[in-house]
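**Q** Here it is: the structure, laid out below.
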Amino acid sequence: MSKYYQVAVNFPKTPSVFTYSSLDNFFKGDLVDVPFGRRKAMGTILGESNETDLAKIETSKIKSIEGKVENSFQLSDKELALYDWMSKYYHYSLGKLIFDCLPKILKRPRNVEFLQGKDQELPFGLNEKQDEIFLKILDFYPEGFSQHYIHGVTGSGKSAIYIKLIKETIKAGKSVQFLLPEINLTPQFTEMFATYLGCKVYT
């Protein structure tokens, strides 16, 4: 039996929340692929549809969810509540806002140059404060996607924390996308990652 869900679609206009059906079970916060007009779009499950939602549309015209977005994660209730507030406050499409705020979901690049990491050990250990930050962030790993802000001046040791976290992520069989604020930092970080990580480093 089909279930019906309210989905915030990555669409620049409002409303961006539409009703979709599925024989599969989905949960609030799941990222899904849906048909949208003549194309496919990504959307976020906001919850199951109620009678009021279904009364606005003929069920025979409701399209089906194609499935979860590949390599995606589930948004928490707190994150969805924040996005909903931002959408209403700025009068902005909820579906587009969500995907504007999330990291891009990319397929592995092909036919691009890479460096093979040497997997050397860091020449120093983390100090007490760095280790505290590292362990706090590591605690969130079982939950999937999470956001953290590490504040520190240049040279305070943030990069050492990043490397340790990346090593743990790679050890778990996952990949990492590291974004730089300035393109001129690329050679410095590429060399650092290629020295201390034991994986292919794409730039």
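**Q** Pick from Glu79, Glu191, Glu182: which residue has the top mean-square fluctuation in a GNM of the chain where Cα pairs under 10 Å get a spring?
**A** Glu182
**Q** Want the number for Ile170 to Lys61: 0.36 nm per residue separation, take away the alpha-carbon distance, what's left?
**A** Working: separation 109, 0.36 × 109 = 39.24 nm, distance 4.42 nm.
That works out to 34.8 nm of additional length.
**Q** Run the reach check for Lys200 against lysines, Cα to Cα strictly under 28 Å, same-chain hits fewer than 8 apart removed. What comes back?
**A** Lys68, Lys104, Lys107, Lys118, Lys136, Lys158, Lys164, Lys167, Lys171, Lys174
**Q** Now a separate question. Please go through region 83-190 and write out the trypsin sites (Lys or Arg not before Pro) that DSSP classes as loop and that have at most 12 other C-beta atoms within 10 Å. Intermediate results must be reported in sequence, preceding the final value.
**A** Working: sites: Lys88, Lys96, Lys104, Lys107, Arg110, Lys118, Lys129, Lys136, Lys158, Lys164, Lys167, Lys171, Lys174; in loops: Lys104, Lys107, Arg110, Lys118, Lys174.
Those satisfying the criteria are Lys104, Lys107, Arg110, Lys118, Lys174.
**Q** Could you give the accessible area per residue of the chain, probe 1.4 Å, as a whole number in Å²?
**A** Values: 14200 Å² over 203 residues.
On a per-residue basis, the chain sits at 70 Å².
**Q** What's the center-to-center distance, using Cα atoms, between region 43-62 and region 14-29 in Å?
**A** 8
**Q** Restricting the calculation to Cα positions, tell me the Rg (one decimal) and the Dmax (whole number) of region 140-203 in Å.
**A** Just the Cα atoms of region 140-203 yield Rg and Dmax of 12.3, 34 Å.
**Q** Something else now. To the nearest 20 debye, what charge dipole does the chain have about its Cα centre, counting +1 at the Cβ of each Lys and Arg and -1 at the Cβ of each Asp and Glu? List each step's numbers first, then the result.
**A** Numbers: 26 positive and 24 negative charges, 144 e Å.
Dipole of the chain, to the nearest 20 debye: 680 debye.
**Q** Could you tell me what percent of the accessible area of region 119-184 is made up of carbon and sulfur, with a 1.4 Å probe and every protein chain present? List each step's numbers first, then the result.
**A** Working: 2700 of 5020 Å².
Carbon and sulfur: 54 percent of the exposed surface of region 119-184.
**Q** Also, quick follow-up: In region 44-83, what trypsin sites (Lys or Arg not before Pro) fall in a loop by DSSP, with at most 16 other Cβ atoms inside 10 Å? The partial results should precede the final answer.
**A** Details: sites: Lys56, Lys61, Lys63, Lys68, Lys78; in loops: Lys56, Lys63.
The qualifying sites are Lys56, Lys63.
**Q** Tell me which chymotrypsin sites (Phe, Trp or Tyr not before Pro) from region 32-125 have a DSSP coil assignment and no more than 11 other beta carbons within 10 Å of their own.
**A** Within region 32-125, the qualifying chymotrypsin sites (Phe, Trp or Tyr not before Pro) (loop, at most 11 other Cβ atoms within 10 Å) are Phe124.
**Q** Do me a favour and compute the ellipsoid semi-axes for the chain from its Cα gyration tensor, root of five times each eigenvalue, largest one first, whole Å.
**A** Working: eigenvalues 311, 68, 50 Å².
Semi-axes, largest first: 39, 19, 16 Å.
**Q** Hey, which lysines would be in cross-link range of Lys88, C-alpha to C-alpha under 21 Å, not counting anything within fewer than 8 residues on its own chain?
**A** Within the straight-line limit of under 21 Å, Lys88 reaches these lysines: Lys13, Lys28, Lys78, Lys96.
The values are calculated or read from the model by the stated rules, or taken from the named source; none is laboratory data. In this text the structure is predicted, and so the values were computed from the model without any measurement. Note that each Cβ is placed from the backbone with ideal geometry, even for glycine, and that neighbours are counted across all protein chains shown. Each accessible area value is taken on the protein alone, full model and side chains, heavy atoms only, with ligands, DNA and RNA left out. Shrake-Rupley method; radii C 1.70, N 1.55, O 1.52, S 1.80 Å.
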